[in-house]
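Visitor: I have a structure here, written as structure tokens, and I will follow up with some questions on it.
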Amino acid sequence: MPELVKAKIRDIPDFPKPGIIFKDITTAIKDPETFRRITNHMTEKFKDAGIDYVAAIESRGFIFGAPLAYNLGAGLIIIRKPGKLPAKVEQVSYELEYGTDTVEMHSDAIEPGKKVLLIDDLLATGGTATAACTLIQKVGGIPVAIAFVVELSFLDGRSKLPQDIEIVSMVKY
């Protein structure tokens, strides 16, 4: 099944800058059967994990987080860039190749001890997902797994993620 999904992801050369080959998931999610395959694959993987919340990273993580949370009977938590959430937030900053970035979540989004599945569309260098895991822990949640639709394994982002948490990716490049 991963090969069927992989066939629907198109390459965009030189985006967002020369030398990068962007993996465009919009061609996969516009196809109802491919979107269903992705959602069903993730649901099957985590259906017995006792997940209380699915935490989705802005913005493409929201696409997969919402149906996954619904299928798992879990709540949906959104992790956003700064200044997008209306109530009190917790935040974690992390290093990028040049500079830093920050992710935020409502301070009361997760009750202490609740099991959380973190999801995003793509694993590249691992910085955003690592910061999101730290954020979940900061409010008392227990990250039990991190899921990605696509993993760019040549960037070795997996090695930067917490090693005591299950890491799942459906399609690898």
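Visitor: How far, in nm, would the chain grow between Glu58 and Asn71 when pulled straight, counting 0.36 nm per residue and subtracting the alpha carbon separation? Intermediate values should be presented prior to the final figure.
Guide: Numbers: separation 13, 0.36 × 13 = 4.68 nm, distance 1.99 nm.
Gain on extension, Glu58 to Asn71, equals 2.7 nm.
Visitor: Right, here's the next one. Kindly provide the chymotrypsin sites (Phe, Trp or Tyr not before Pro) of the stretch 70-102 that DSSP labels as loop, not H, G, I, E or B, and whose Cβ sees at most 15 other Cβ atoms within 10 Å.
Guide: For chymotrypsin sites (Phe, Trp or Tyr not before Pro) across the stretch 70-102 that sit outside H, G, I, E and B with at most 15 neighbouring Cβ atoms in 10 Å, the list reads Tyr98.
Visitor: With a cut-off of at most 16 other beta carbons within 10 Å, and DSSP calling the residue loop, which trypsin sites (Lys or Arg not before Pro) in the stretch 54-139 qualify? Please list them. Present the calculation step by step, with values, prior to reporting the outcome.
Guide: Working: sites: Arg60, Arg80, Lys84, Lys88, Lys114, Lys115, Lys138; in loops: Lys84, Lys88, Lys114.
Here the trypsin sites (Lys or Arg not before Pro) that fit, given the DSSP loop and packing criteria, are Lys84, Lys88.
A short reminder: the numbers here are calculations on the coordinates, not readings from a lab. What you are looking at is a predicted structure, and each value in this text was computed from that prediction instead of being measured. Cβ atoms come from the backbone with ideal geometry, glycine included; neighbour counts cover every protein chain shown.
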